[in-house]
Amino acid sequence: MIDRKTFPTDYAGCEITVVTEQLGEGAWAAVATIHQYRDGATRTIDLPVPTRRFETKAAAEDFGLRQATDWLEANMPRDEKRVA
């Protein structure tokens, strides 16, 4: 079973997509991608595919979301972060 979810971020024009997949042995895997939309163009940042497996879909999804959020915090200019 494969599931894809998209999440908003604190960065203008950026969203995170996390794909989870239940593997044959029952464990779950996750892959995260960041999409940045600016001036009519899309920049896609595919994050490294982890080898880690998870017991639940929710745990895999949380990992992918956290991986992408950490990447944004480390790599995006602070002035592009929305102020809440």
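The values are calculated or read from the model by the stated rules, or taken from the named source; none is laboratory data. Since we're looking at a predicted model, the values are computed, not measured. Cβ: placed from backbone, ideal geometry, glycine included. Neighbour counts: every protein chain shown. The protein model used for the area step is the full one, side chains on, heavy atoms only, and it has no ligands, DNA or RNA in it. Shrake-Rupley method; radii C 1.70, N 1.55, O 1.52, S 1.80 Å.
PHE54 falls short on exactly one of the conditions (1) among the aromatic types (Phe, Trp, Tyr); (2) more than 11 Å from the chain's Cα centre (by Cα); (3) under 17 Å from ASP10 (Cβ atoms), and that condition is (3). Only residues that are among the aliphatic types (A, V, I, L, M) and surrounded by fewer than 17 Cβ atoms within 10 Å (Cβ to Cβ): list them for segment 74-84, please. Correct list: ALA74, VAL83, ALA84.
Scanning segment 7-34 for residues being within 9 Å of the chain's Cα centre (by Cα) and without any contact (Cβ under 8 Å) to a residue 24 or more places away in the chain gives a total of 2.
Within segment 50-63, no residue satisfies the criterion of being among the β-branched types (Val, Ile, Thr) and open to solvent by less than 60 Å² (accessible area, probe 1.4 Å).
Listed here are the residues, each with its yes/no results for (1) in contact with a Ser or Thr (Cβ under 9 Å, 6 or more places away or on another chain); (2) modelled with pLDDT of 95 or more; (3) assigned to a helix (DSSP H, G or I); (4) open to solvent by less than 60 Å² (accessible area, probe 1.4 Å).
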{"position": "PHE7", "(1), (2), (3), (4)": "yes, yes, no, yes"}
{"position": "ILE16", "(1), (2), (3), (4)": "yes, yes, no, yes"}
{"position": "ALA30", "(1), (2), (3), (4)": "yes, yes, no, yes"}
{"position": "THR33", "(1), (2), (3), (4)": "yes, yes, no, yes"}
{"position": "THR44", "(1), (2), (3), (4)": "yes, yes, no, no"}
{"position": "PRO48", "(1), (2), (3), (4)": "no, yes, no, no"}
{"position": "LEU65", "(1), (2), (3), (4)": "no, yes, yes, yes"}
{"position": "ALA68", "(1), (2), (3), (4)": "yes, yes, yes, yes"}
{"position": "LEU72", "(1), (2), (3), (4)": "yes, yes, yes, yes"}
